[in-house]
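Novice: First, the structure itself, so that you have it in front of you.
Each reported figure results from applying straightforward, stated rules to the coordinates on display, with no laboratory input. In this text, all values refer to a predicted model and were calculated from it rather than measured experimentally. All Cβ positions, glycine included, derive from the backbone under ideal geometry; neighbour counts span all protein chains shown.
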Amino acid sequence: MRVGGQAESLLGVLDVGAFSARLLAVRRGGSPLRPELDHKTRLRLDRALDPTGRLAPQGVAEVVDGVRAAQRVAREHGVSEVYPLATSSIRDARNADGVLGAVYRATGVRLRPLPGTREAELGYLAARRWYGASAGPLLVLDIGGGTVELAAGDGERASCARSLRLGAREMTRSWFDTAGPSQERVAALREYALDRVRAVLRDVEWPVRDYRTVGCSKVLRQLARLAGARPQRGTARDLHLDDLRTWIPRLAKLPPERRAELPGISRGRARQALAGAVVAEALLTVFGGPAAICPWSTTQGLLLTMLDRHESDPWGSRSAA
């Protein structure tokens, strides 16, 4: 997505997800730690998915409006290049191709879904740059709406990466069709999530012994705040397994509107907070914890990739992803 001329100096990522279309831009030679532009248009695509998993026309219209707003802001601020990322809310919709086509016809922007494993690799890169080489080997966990991304490594790039259909939104849709799910239903999801995560461990010999566990998603960040972690440099510090096990039955007893009154839980994500906690419990049970909460994730990983590319290739001839 080209917005301006080559002389302009801002690079950006437009991250279109369930709850927002967020444009984050940095200056060439700069860092995501100091963004020049952070613009967000609120979306509620979680409400626009029909029972078959198709994104309804109202959801498509929201995406179009969010992309148009980002285009306008990008032009106003001289953002010369934008990577338009479509996350799992669009990528995994039953009518994803139709949604992408409708957005392109309305805006001229081709939103680009990435495979889940690539998102995992980008999340790992973001966490690695945040903590630095001195942090040692990392296991990076990202609970999104549709999928969970896992990546591990002891260098700049992940040595293994996986994506699982265990996202907080999807588990809520599949398992908790009422505001107050039964204890039996919660227990069934806990068992299912644990089995799915253990299967990953059997499938690949993950080198996670003595690895530092890192969480880099809003789901994990909000759960850490709920459990009492104090914010530090814009994020919560750690998420502990024992705290998750304490809060899961409490969350199950509360309707979404009451969950939104709890520390750290936003109104938009309140309904899926319980499923997110169950999936987080499974991850930390299998891979260990606590999880240190990183404020950077896939978006920053993409920005870092773009910045790296422009340092070695100032004409930007290669793809960021």
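Novice: When the helix-only estimate is applied to the chain (DSSP H runs of n ≥ 4, each -39,500 (n - 2.57), divided by the residue count), what is the mean residue ellipticity at 222 nm, nearest 500 deg cm²/dmol?
Specialist: Counting only the DSSP helices, I get -13500 deg cm²/dmol.
Novice: Largest first, please: the extent of the C-alpha atoms of segment 92-211 along each principal axis, to the nearest Å.
Specialist: Ordered largest first, segment 92-211 gives principal extents of 47, 44, 24 Å.
Novice: For segment 10-113, which semi-axes, largest first and in whole Å, follow from the square roots of 5 times the eigenvalues of its Cα gyration tensor?
Specialist: 25, 13, 11
Novice: How far apart, in nm, are the 7 Å Cα→Cβ label points at residue 38 and residue 191?
Specialist: Calculated label separation equals 4.3 nm.
Novice: Normalized C-alpha radius of gyration of segment 116-298, against 2.2 N^0.38 Å?
Specialist: 0.96
Novice: May I ask you to evaluate 6.51 cos²θ - 1.76 cosθ + 1.60, the Karplus curve with θ = phi - 60°, for each residue of segment 16-22 and list the ³J(HN,Hα) values in order in whole Hz, giving x for glycine and proline?
Specialist: My calculation for segment 16-22 gives 9, x, 5, 10, 6, 10, 10 Hz in order.
Novice: Extending each Cα 7 Å along its Cβ direction at residue 241 and residue 50, get the distance between those two points in nm, one decimal.
Specialist: Placing both labels 7 Å beyond Cα along the Cβ direction yields 4.3 nm.
Novice: I've got another one for you. In segment 212-300, which trypsin sites (Lys or Arg not before Pro) fall in coil by DSSP and have 12 or fewer other Cβ atoms within 10 Å?
Specialist: 233, 267
Novice: Sticking with this one: Taking the Cα atoms only, what angle lies between the long axis of helix 116-131 and the longest principal axis of the chain, rounded to 10 degrees?
Specialist: Between helix and principal axis, roughly 90 degrees.
Novice: In nm, to one decimal, how far is the residue 110 label point from the residue 31 one, both placed 7 Å along Cα→Cβ?
Specialist: 3.5 nm
Novice: Taking only the alpha-carbon atoms of the chain, what semi-axes of the equivalent ellipsoid follow from 5 times the gyration tensor eigenvalues under a square root, in whole Å, largest first?
Specialist: Equivalent ellipsoid semi-axes, largest first: 31, 24, 17 Å.
Novice: Once you list every other residue whose beta carbon is under 10 Å from the beta carbon of residue 119, what net charge do they have if Lys and Arg are +1 and Asp and Glu are -1?
Specialist: Summing Lys and Arg as +1 and Asp and Glu as -1 gives -1.
Novice: So what is the relative contact order for the chain, in percent, with contacts set as C-alpha pairs under 8 Å and at least six apart?
Specialist: Worked out over the chain, it gives 18 percent.
Novice: If you take every residue apart from residue 36 with its C-beta less than 11 Å away from the C-beta of residue 36, what net charge results, scoring Lys and Arg +1 and Asp and Glu -1?
Specialist: Summing Lys/Arg as +1 and Asp/Glu as -1 gives +2.
Novice: Continuing with this model, one more query. Using only the Cα atoms of segment 80-143, construct the convex hull and provide its projected area averaged over every direction, in square nanometres to one decimal. If you can, show how the numbers build up before the last one.
Specialist: Working: hull surface 23.4 nm².
So the mean shadow area of the Cα hull is 5.9 nm².
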